[in-house]
Amino acid sequence: MESNDSVMRSKGFVICTLVLSFFQFVIAKCFEKASIAFLSLMEGLSMKSTAEEQIATFDQLSTHWWEPTGPMILLHKLNKLRVPMVVEGLIKAGKLDRKQRYTTDALKGLTVLDVGCGGGIYSEALAKLHANVVGIDPARHLIEVAKAHAHKQTDIKDRCQYYEQSLEEHWQGAVGKYDVVVLSETIEHVVDKSTLLKHVAAVLKPGGSVFISTWNKTNWSWLLAVVVLENIMKRLPKGSHDYDQFVSPEETEAMLEAYGCRTIEQRPFYLKFWESEWVWVPFNSLTYALHAVKE
């Protein structure tokens, strides 16, 4: 009996040892995975990209630019807000009749410059409302994608022109040329924002409008853009946003005013990231759209 008890105790000890070893292994692996994830997140949060690196990052995504559910899904979804804001803003500025709000040619006869046009998602949406759109972007492959996609759209291809240029390269040959300038998700990628907006004012006609959408400079915007969308949910290219380059609406308004552009509307919006939907909201801590008119 004592021998049997001893054997049973030995078996129990071996089983307990094996179970304990198994749990130690599982805990160690979990800790390893958590450590890798944490270090990856920290690396992403500390990543600082130069303007050239950000251009290269977006350039690499050029082949996926027109996939509605691909990596540029948030830009496709943003048209739901930014296109109507242009029409409504021009009505408020007295450039369009209120009856044109829902017409299919609401922007007919207007010249629009899309700064940082990428692959043309915003440009084409404005051209579909019969605007004559010029899109500029320093990313060569994106301009190629924009040209190729517009060429396939028989209803708008004659109203979309694209150039591989920065605004710094474009503005001198376009002083006072445009009725509208749009900068959507662009200004936060530019270091010298004051010079950018100076050139925007220069290419606008008197009474012309500029529409800007971008990230506010708050802790909440950093948390959503950099932590959640770039490093956790992977909805934005990693390293594509630098909090130091975010700009508050007050700063944007002040720079525009310095160059003779008066802000007439500023609207905050928000990403319901669990649905990939942008919505207008009453709080201004994340993203905002702004409309200013050149006096």
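The values are calculated or read from the model by the stated rules, or taken from the named source; none is laboratory data. This one's a predicted model, so the numbers in the text were calculated from it and none came from an experiment. Virtual Cβ from ideal backbone geometry, glycine too; neighbours counted across all protein chains shown. The area values use the complete protein model at the heavy-atom level, side chains included, leaving out ligands, DNA and RNA. Shrake-Rupley method; radii C 1.70, N 1.55, O 1.52, S 1.80 Å.
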Subject >> Among the candidates Val134, Val200, Val175, residue that is part of a strand (DSSP E or B), modelled with pLDDT of 95 or more and not polar (S, T, N, Q) >> reply: Val134
Subject >> Residue check, Leu129 open to solvent by less than 20 Å² (accessible area, probe 1.4 Å) and either more than 23 Å from Lys80 (Cα to Cα) or touching a residue at least 40 places away in the same chain (Cβ under 8 Å) (or both) >> reply: no
Subject >> Any chance Trp222 is more than 17 Å from Tyr122 (Cβ to Cβ), part of a helix (DSSP H, G or I) and in contact with a strand residue (DSSP E or B) (Cβ under 9 Å, 6 or more places away or on another chain) >> reply: yes
Original post:
Across segment 93-109, which residue is farthest from Tyr178 (Cα to Cα) among those that are crowded, with 16+ Cβ neighbours inside 10 Å and out of contact with any helix residue (DSSP H, G or I) (no Cβ under 8 Å at 6 or more places or on another chain)?
Top reply: Ala93
Original post:
Just checking, how many residues over segment 266-280 are free of Cβ contacts under 8 Å to residues at least 60 places away in the same chain and farther than 17 Å from Val83 by Cα?
Top reply: 4
Original post:
Out of all the residues in segment 94-112, is one or more assigned to a strand (DSSP E or B), in contact with a strand residue (DSSP E or B) (Cβ under 7 Å, 6 or more places away or on another chain) and within 26 Å of Gly207 (Cβ to Cβ)?
Top reply: yes
Subject >> From Tyr122, Tyr162, residue being in a helix (DSSP H, G or I), surrounded by 24 or more Cβ atoms within 10 Å (Cβ to Cβ), touching a strand residue (DSSP E or B) at 6+ places or on another chain (Cβ under 6 Å) and not β-branched (Val, Ile, Thr) >> reply: Tyr122
Original post:
Restricting attention to segment 269-293, which residues are in a strand (DSSP E or B), open to solvent by 20 Å² or more (accessible area, probe 1.4 Å), in contact with a Phe, Trp or Tyr (Cβ under 8 Å, 6 or more places away or on another chain) and not hydroxyl-bearing (Ser, Thr, Tyr)?
Top reply: Lys272, Val279, Trp280
**OP:** Output the number of residues of segment 242-261 satisfying the condition of being in a loop (DSSP other than H, G, I, E, B) and within 16 Å of the chain's Cα centre (by Cα).
**Re:** 4
Original post:
Before we move on, is Ala225 open to solvent by 60 Å² or more (accessible area, probe 1.4 Å) and small (Gly, Ala, Ser)?
Top reply: no
Original post:
Can you tell which of Thr154, Thr214 is hydroxyl-bearing (Ser, Thr, Tyr) and surrounded by fewer than 22 Cβ atoms within 10 Å (Cβ to Cβ)?
Top reply: Thr154
Original post:
Considering segment 78-118 alone, what residues qualify as being among the β-branched types (Val, Ile, Thr) and more than 23 Å from Ser166 (Cβ to Cβ)?
Top reply: Val83, Val87, Ile91, Thr103, Thr104
Subject >> Members of segment 228-241 that are of a type outside the set (Gly, Ala, Ser), open to solvent by less than 20 Å² (accessible area, probe 1.4 Å) and more than 12 Å from the chain's Cα centre (by Cα) >> reply: Asn231
Original post:
So, in segment 211-265, of the ones that are free of Cβ contacts under 8 Å to residues at least 24 places away in the same chain and hydrophobic (A, V, I, L, M, F, W, C), which residue ends up farthest from Ser276 (Cα to Cα)?
Top reply: Ala254
Original post:
Give me the pairs: first residue in segment 73-85 and free of Cβ contacts under 8 Å to residues at least 60 places away in the same chain and of a type outside the set (A, V, I, L, M), second residue in a helix (DSSP H, G or I) and open to solvent by less than 30 Å² (accessible area, probe 1.4 Å), beta-carbon distance under 7 Å, and six or more apart or on different chains, which are they?
Top reply: His76/Ile121; Asn79/Ile121; Asn79/Tyr122; Asn79/Ala125
Original post:
Do we find a residue being touching a Cys at 6+ places or on another chain (Cβ under 9 Å) and either at pLDDT 90 or above or outside any loop (DSSP other than H, G, I, E, B) (or both) anywhere in segment 54-62?
Top reply: no
